[in-house]
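A short write-up of the structure that comes next.
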Amino acid sequence: MGSFFKKVVSIVFVMFLGVYSGNCQLEKYPQTEITNDILTARLFLPDAEIGYYKGTRFDWSGIISSLEYKGHTYFGQWFDDDDPPPFATIMGPVEAYSPFNYNEVDPGSDFVKLGVGIIKKPTNEAYSPFKQYTIVDPGKWKLITKKNEVRFVQRINSGTYSYEYTKIVQLIPGQPKMVIEHRLKNTGSKRIKTIGFNHNFFVIDNQPIGKDFEMTFPVDVSGTGRGLGDAFELQGNKLTFLRDLEGDESIACKYLEGITNGVEDFDIKIENLHTGAGVKLSGDRPLSRLRLWGTARTLCPEPHIEIKVEAGEEFRWSYFYGFYETQTLRP
């Protein structure tokens, strides 16, 4: 009875905090809400003039500002700055892709980035995902919304590198599950090759990242990185925290060793053992690597996959999310 009462109090507090801290300024951006009567999610919609995100680091589509399941919340704003840099003002399971042809073109010419569009290359400096570039053409976006899904379609025509990119965010009927499906059709004359990664900005029940969180993998993992041995540790197939993260500190592992290139290794669980919120993340493509990043507000397993599409062909990949409640709660 005691654990149950603590769980109810935690969930009610989280719901109150979410309402209290909600930024009404976000309501001015184009957005939509979807539900399967088990999960409810809000998504920002791409718009070159008045959209929430107009940066050049992340894909403009599929930005989930909130997702709720049984009173638990899984995404939200993880940064405090009222005017953060454009590459950071984003939330949810957002994705980014390496440019198709940045190194092939001269300064002043255009390069192409999936989910963003045609972008101007200013200098001979190496491409930086943390820099805001000038967007020449964001392409044509088409949106199709249903009760439980949103379909985003972006068409880019730059001659050599052209494509039709479809992303479908769907809440599975009758289940606490979400799938993000992708289809990339190469409509240009040259092979498309890029690396895609999903940042997964999990903000679970607005709880500070630390000792109440665990991450589980299907195999034993190891690695090196910022905060390992101090803020968190890797033991066997688990990541656990030694303390809560504070302020603006962050943790990072560039590579988690032990993950192979098999699809079966793409199976990650994150649990908040205080509020009982859990999420399982998987996919249908092998990982080229798995990276970890986090702050006091967000925990981010970052799956990377290789994408190669010959001219006239199509490449598909999906991410799967299962939301659940844990059985064991910490006081």
Requested in this report: Collect the residues in the stretch 167-184 that are surrounded by 15 or more Cβ atoms within 10 Å (Cβ to Cβ) and either within 28 Å of Phe100 (Cα to Cα) or among the polar types (S, T, N, Q) (or both), keeping them in residue-number order.
Outcome: Lys167, Ile168, Val169, Gln170, Val179, Ile180, Glu181, His182, Arg183, Leu184
**Report entry** Failed criterion for Asp212 (all others in (1) in contact with a Pro (Cβ under 6 Å, 6 or more places away or on another chain); (2) farther than 30 Å from Lys193 by Cα; (3) acidic (Asp, Glu) hold)
**Finding:** (1)
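Grab the strands (runs of 3 or more DSSP E) fully contained in the stretch 183-266, keeping just those with 3 or more residues being in contact with a Lys or Arg (Cβ under 7 Å, 6 or more places away or on another chain) and without any contact (Cβ under 8 Å) to a residue 60 or more places away in the chain. Give the steps one after another, and end with the answer.
Numbers: elements: 192-198, 213-216, 232-235, 238-241, 250-253.
Here the list reads 250-253.
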Requested in this report: Confirm whether Ala296 is within 26 Å of Ile209 (Cα to Cα) and open to solvent by 10 Å² or more (accessible area, probe 1.4 Å).
Outcome: yes
Report task. Please work out which one of (1) open to solvent by 60 Å² or more (accessible area, probe 1.4 Å); (2) closer than 30 Å to Tyr161 by Cβ is the condition Ile305 fails and give its number. Result -> (1)
Requested in this report: Filter the stretch 257-282 down to the residues that are buried (at least 20 other Cβ atoms within 10 Å of the Cβ) and among the small types (Gly, Ala, Ser), then identify the one that is nearest to Tyr97 (Cα to Cα).
Outcome: Gly278
Query raised in the report: Of the residues that make up the stretch 324-331, is at least one touching a strand residue (DSSP E or B) at 6+ places or on another chain (Cβ under 7 Å), at negative phi, polar (S, T, N, Q) and modelled with pLDDT under 95?
Result: yes
Query raised in the report: Going through the stretch 185-209 one residue at a time, which ones are open to solvent by 10 Å² or more (accessible area, probe 1.4 Å) and more than 30 Å from Lys269 (Cβ to Cβ)?
Result: Lys185, Thr187, Gly188, Ser189, Lys190, Arg191, Lys193
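Give the residues of the stretch 104-135 that are over 22 Å from Lys167 (Cβ atoms), in contact (Cβ under 8 Å) with a residue 60 or more places away in the chain and aromatic (Phe, Trp, Tyr), sorted by residue number. Can you show your working first?
Looking only at the stretch 104-135, we keep the residues that are over 22 Å from Lys167 (Cβ atoms), and these are 104-110, 120-128, 130-132, 134.
This time we only want the ones that are in contact (Cβ under 8 Å) with a residue 60 or more places away in the chain, so: 130-132.
Across the stretch 104-135, the qualifying residue is only Phe130.
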Query - Segments classed as strands (runs of 3 or more DSSP E), wholly inside the stretch 31-103, with at least 2 members that are without any contact (Cβ under 8 Å) to a residue 60 or more places away in the chain, crowded, with 16+ Cβ neighbours inside 10 Å and out of contact with any strand residue (DSSP E or B) (no Cβ under 7 Å at 6 or more places or on another chain) - result: none
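Can you name every residue in the stretch 136-166 that is of a type in the set (A, V, I, L, M), open to solvent by less than 60 Å² (accessible area, probe 1.4 Å) and free of Cβ contacts under 8 Å to residues at least 60 places away in the same chain? First the steps, then the outcome.
Keep residues of the stretch 136-166 that are of a type in the set (A, V, I, L, M), which gives 136, 143-144, 150, 153, 156.
Those left that are additionally open to solvent by less than 60 Å² (accessible area, probe 1.4 Å): 150, 153, 156.
Passing the criteria: Val153, Ile156.
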Report summary line: Taking the stretch 267-290 and keeping residues over 13 Å from Glu325 (Cβ atoms) and in a loop (DSSP other than H, G, I, E, B) leaves Asp284, Arg285, Pro286, Leu287, Ser288
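The values are calculated or read from the model by the stated rules, or taken from the named source; none is laboratory data. This one's a predicted model, so the numbers in the text were calculated from it and none came from an experiment. All Cβ positions, even for glycine, are placed from backbone atoms using ideal geometry, and neighbour counts span all protein chains on display. Just so you know, the surface numbers come from the protein's heavy atoms only, side chains and all, with ligands and any DNA or RNA stripped out. Shrake-Rupley method; radii C 1.70, N 1.55, O 1.52, S 1.80 Å.
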